[in-house]
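**Q** Below you will find the structure I want to go over with you.
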Amino acid sequence: MRMEIDEVEGWLRERLPELAEEHGVPGVAVAVDAGGRLVEAAAGVLSRATGVEATVDSVFQIGSITKTLTATLVMGLVAEGLVELDAPVDRYLPGFRPATVRQLLCHTAGFEGDLFTDTGKGDDCLERYVDLLADVPQISEPGEMFSYNNAGYSVLGRIVEVVRGEPFDRCLRDRLLAPLGMTHAATDPYEAILHRAAVGHLNGRPAPVWAMARSNAPAGSMLAMTPRDLLAFARSHLTDESLRVMREPQVALPDIDWGTAWGLGWTLHDLPGGPVFGHDGNTIGQSAALRIDPGRDVCVAVFTNGGDRKPLMREILGRVVETPAEPVPNPAARLDPRRCAGVYVSSTSETTVSTDEQGRLWLEQVPVGLAVELGDEPYRTELLGWRGNSLLPAEPGHGPVAFLGDDGEGRARYLHTGRADVRAPVRLR
């Protein structure tokens, strides 16, 4: 049984500053909505360089949680009969590669999804960005498998622009932020500066830049707000029956502790106490988590700007909603080392899986590209048995990895960590 709202409020006010200090988190803000009653709390500072206090009115970047707002805009077009979910994308963006709108929404379009090219700050940035996707590799057939795809959500943002005839940011503000009364929401740094704005921290110091490129805005590169405003959006998904379809399962997820399935924008968790849906987000030194329990009519949002945020978020979320049990190794669950060993590549990492003389499996990952900017660091860890096709890194802080597919020689084709990294060398279409 989760805590009642009065208990949550008291616990947050007492415990939040301690949690921030324990985990080296510069600043944190939390909001909980239970049946329409809201409680808020904040602790720490927005920047260690300035010492400005974090308050409940401070705006933090929400990162990829933005995708749920982008998906909601798309579903508005669907409700109006302006877009069809199973229509090819090139109906709206002529010449675009094979994929449907539904596949973009549930990350099954199959093309490399971590392209973060900056195409400028003008209103044509999304149009220019989408044109670049003609050259990215196709790693699986459209509809074949889930692989988290940031680029796909920029494409969805461009569809919104084309169909509405207005820039994405304006559509977002006019059709979601303003109608929902989200007064402390900023679509870019120029708006964020009007509020108390959190700065991301990497390795304990303020990040050198505040936001990523505008061309990735529909995927989560810029949007900032208070937890209170995010819960106004979350509550709309509990009260608007037309949006319920967005939490219907579209594709089962690999067994990597991300959730059970993906809906039309939402991560879905099938838990013993009932379904919970939500999304996480990360930008340059900032992180956010949103969870919604429809059965108990409860929403919770947690924002941080650096430090060891995962255990802090886990403790706060677990006080409010049911969360999955932490993965623990199962020595009896083993995979054939010959199937797993190899090098797996993507645009954000190169990962080597190898065996030692005792037959143990080891994973060594080197981040590349944007992952370096986001503060990811190289690491090496033993892989322990867990379940099915998935193994668990022994080093804390890293989630399970799954070995999927077949390369034609009895070896896994993909190392799945949320994204499907491809065994190398391989010819990508």
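The values are calculated or read from the model by the stated rules, or taken from the named source; none is laboratory data. Predicted model, so just to flag it, every value in this text is computed and none were measured. For neighbour counting, all protein chains shown are included, and Cβ atoms are generated from backbone atoms with ideal geometry for every residue, glycine included.
Residues are listed down the side, and each one gets a yes or a no for (1) closer than 16 Å to ALA219 by Cβ; (2) surrounded by 18 or more Cβ atoms within 10 Å (Cβ to Cβ):
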site	(1), (2)
GLU84	no, no
TYR92	no, yes
THR100	no, yes
LEU105	yes, yes
ASP124	no, no
ASN149	yes, yes
TYR153	yes, yes
GLY165	no, no
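**Q** Got a number for residues in the range 206-241 being aliphatic (A, V, I, L, M) and part of a helix (DSSP H, G or I)? It would help to see each step written out before you state the result.
**A** Residues of the range 206-241 that are aliphatic (A, V, I, L, M), as a first pass: 207, 209, 211-213, 217, 219, 222-225, 230-232, 234, 238.
Going one step further and asking which of them are part of a helix (DSSP H, G or I), we end up with 217, 219, 230-232, 234, 238.
Total meeting the criteria: 7.
**Q** A follow-up question, please. Can you confirm whether the range 311-327 contains a residue that is closer than 22 Å to ASN389 by Cα and aliphatic (A, V, I, L, M)? Talk me through it step by step, then tell me what you get.
**A** The first filter runs over the range 311-327 and keeps only residues closer than 22 Å to ASN389 by Cα, leaving 324-327.
Going one step further and asking which of them are aliphatic (A, V, I, L, M), we end up with 325.
Scanning the range 311-327, I find at least one residue that is closer than 22 Å to ASN389 by Cα and aliphatic (A, V, I, L, M), so the answer is yes.
**Q** Taking strands (runs of 3 or more DSSP E) that do not extend beyond the range 347-397, which have at least 1 residues that are at pLDDT below 95, closer than 19 Å to ILE284 by Cβ and not assigned by TED's automatic domain parsing to the domain that holds VAL136? Break it down into steps so the answer makes sense when it comes.
**A** Working: elements: 349-355, 361-367, 379-387, 390-393.
Once the strands (runs of 3 or more DSSP E) in the range 347-397 are filtered for at least 1 residues that are at pLDDT below 95, closer than 19 Å to ILE284 by Cβ and not assigned by TED's automatic domain parsing to the domain that holds VAL136, what remains is 349-355, 361-367.
**Q** Just a yes or no: is a residue in the range 30-50 free of Cβ contacts under 8 Å to residues at least 40 places away in the same chain, exposed (fewer than 15 other Cβ atoms within 10 Å of the Cβ) and in contact with a strand residue (DSSP E or B) (Cβ under 8 Å, 6 or more places away or on another chain)?
**A** Checked the range 30-50: no residue is free of Cβ contacts under 8 Å to residues at least 40 places away in the same chain, exposed (fewer than 15 other Cβ atoms within 10 Å of the Cβ) and in contact with a strand residue (DSSP E or B) (Cβ under 8 Å, 6 or more places away or on another chain).
**Q** Select from the range 140-153 the residues that are in contact with a Gly (Cβ under 6 Å, 6 or more places away or on another chain) and aliphatic (A, V, I, L, M) and list them in ascending order.
**A** Selection gives ALA151 alone.
**Q** Within the range 242-265, does at least one residue satisfy the condition of being farther than 20 Å from CYS106 by Cα, β-branched (Val, Ile, Thr) and touching a strand residue (DSSP E or B) at 6+ places or on another chain (Cβ under 6 Å)? Explain how you work it out, then say what you get.
**A** As a first pass, look at the range 242-265 and keep what is farther than 20 Å from CYS106 by Cα: none.
Looking for residues that are farther than 20 Å from CYS106 by Cα, β-branched (Val, Ile, Thr) and touching a strand residue (DSSP E or B) at 6+ places or on another chain (Cβ under 6 Å), one finds none in the range 242-265, hence no.
**Q** How many of the residues making up the range 8-21 are in contact (Cβ under 8 Å) with a residue 60 or more places away in the chain and over 26 Å from THR183 (Cβ atoms)?
**A** 2
**Q** Looking only at the range 39-74, which residues are closer than 14 Å to TRP210 by Cβ and in contact with a Pro (Cβ under 6 Å, 6 or more places away or on another chain)?
**A** Once the filter is applied, which keeps residues that are closer than 14 Å to TRP210 by Cβ and in contact with a Pro (Cβ under 6 Å, 6 or more places away or on another chain), the range 39-74 yields SER47, ALA49.
**Q** Which residue pairs have Cβ atoms closer than 9 Å, lie 6 or more positions apart in sequence or on different chains, and pair a first residue in the range 367-388 that is among the β-branched types (Val, Ile, Thr) with a second residue that is in a loop (DSSP other than H, G, I, E, B)?
**A** VAL368/SER346; VAL368/SER347; VAL368/THR348; VAL372/THR348; THR381/ALA394; THR381/GLU395; THR381/HIS398
**Q** Looking for something closer than 16 Å to PRO327 by Cα and charged (D, E, K, R) - is there at least one such residue anywhere in the range 402-419?
**A** no
**Q** Which ones in the range 27-57 are within 21 Å of the chain's Cα centre (by Cα) and not hydrophobic (A, V, I, L, M, F, W, C)? Before you say what the answer is, go through the steps one by one.
**A** In the first step, residues of the range 27-57 are kept if they are within 21 Å of the chain's Cα centre (by Cα); the result is 27-32.
Matches in the range 27-57: GLY27 only.
**Q** Here is a follow-up. ARG339 passes all but one of (1) crowded, with 18+ Cβ neighbours inside 10 Å; (2) touching a Lys or Arg at 6+ places or on another chain (Cβ under 6 Å); which number fails?
**A** (1)
**Q** Which of (1) acidic (Asp, Glu); (2) surrounded by 15 or more Cβ atoms within 10 Å (Cβ to Cβ); (3) free of Cβ contacts under 8 Å to residues at least 60 places away in the same chain; (4) within 30 Å of PRO206 (Cα to Cα) does GLU364 not meet, given it meets every other one?
**A** If we test GLU364 against (1) acidic (Asp, Glu); (2) surrounded by 15 or more Cβ atoms within 10 Å (Cβ to Cβ); (3) free of Cβ contacts under 8 Å to residues at least 60 places away in the same chain; (4) within 30 Å of PRO206 (Cα to Cα), just (2) comes out false.
**Q** Suppose we filter GLU326, GLU315 for residues that are within 22 Å of the chain's Cα centre (by Cα) and at pLDDT 95 or above; which single one remains? Break it down stepwise before answering.
**A** Details: GLU326 fails: at pLDDT 95 or above.
That would be GLU315, the only listed residue that is within 22 Å of the chain's Cα centre (by Cα) and at pLDDT 95 or above.
**Q** Counting only residues that are at positive phi and surrounded by 17 or more Cβ atoms within 10 Å (Cβ to Cβ), how many does the range 172-224 have?
**A** Going through the range 172-224, the residues at positive phi turn out to be 181, 203-204, 220.
Checking which are surrounded by 17 or more Cβ atoms within 10 Å (Cβ to Cβ) leaves us with 220.
Total satisfying the criteria: 1.
**Q** While we're here: Any idea which residue in the range 395-422 is farthest from GLU377 (Cα to Cα), counting only those that are exposed (fewer than 14 other Cβ atoms within 10 Å of the Cβ) and in contact with a helix residue (DSSP H, G or I) (Cβ under 8 Å, 6 or more places away or on another chain)?
**A** Start the filter on the range 395-422 by keeping residues that are exposed (fewer than 14 other Cβ atoms within 10 Å of the Cβ), which leaves 395-397, 406, 408-410.
When the remaining residues are screened for being in contact with a helix residue (DSSP H, G or I) (Cβ under 8 Å, 6 or more places away or on another chain), the result is 397, 410.
Values: GLY397: 12, GLY410: 31 Å.
So, considering only residues that are exposed (fewer than 14 other Cβ atoms within 10 Å of the Cβ) and in contact with a helix residue (DSSP H, G or I) (Cβ under 8 Å, 6 or more places away or on another chain), the one farthest from GLU377 (Cα to Cα) is GLY410.
**Q** If you go through the range 66-79 one residue at a time, do you hit one that is surrounded by 17 or more Cβ atoms within 10 Å (Cβ to Cβ), touching a residue at least 40 places away in the same chain (Cβ under 8 Å) and on the phi > 0 side of the Ramachandran plot? Steps first, answer last, please.
**A** Initially, the range 66-79 is screened for residues surrounded by 17 or more Cβ atoms within 10 Å (Cβ to Cβ), giving 66-78.
From what is left, the residues that are touching a residue at least 40 places away in the same chain (Cβ under 8 Å) are 66-77.
Pick out the ones that are also on the phi > 0 side of the Ramachandran plot and you get none.
No: zero hits.
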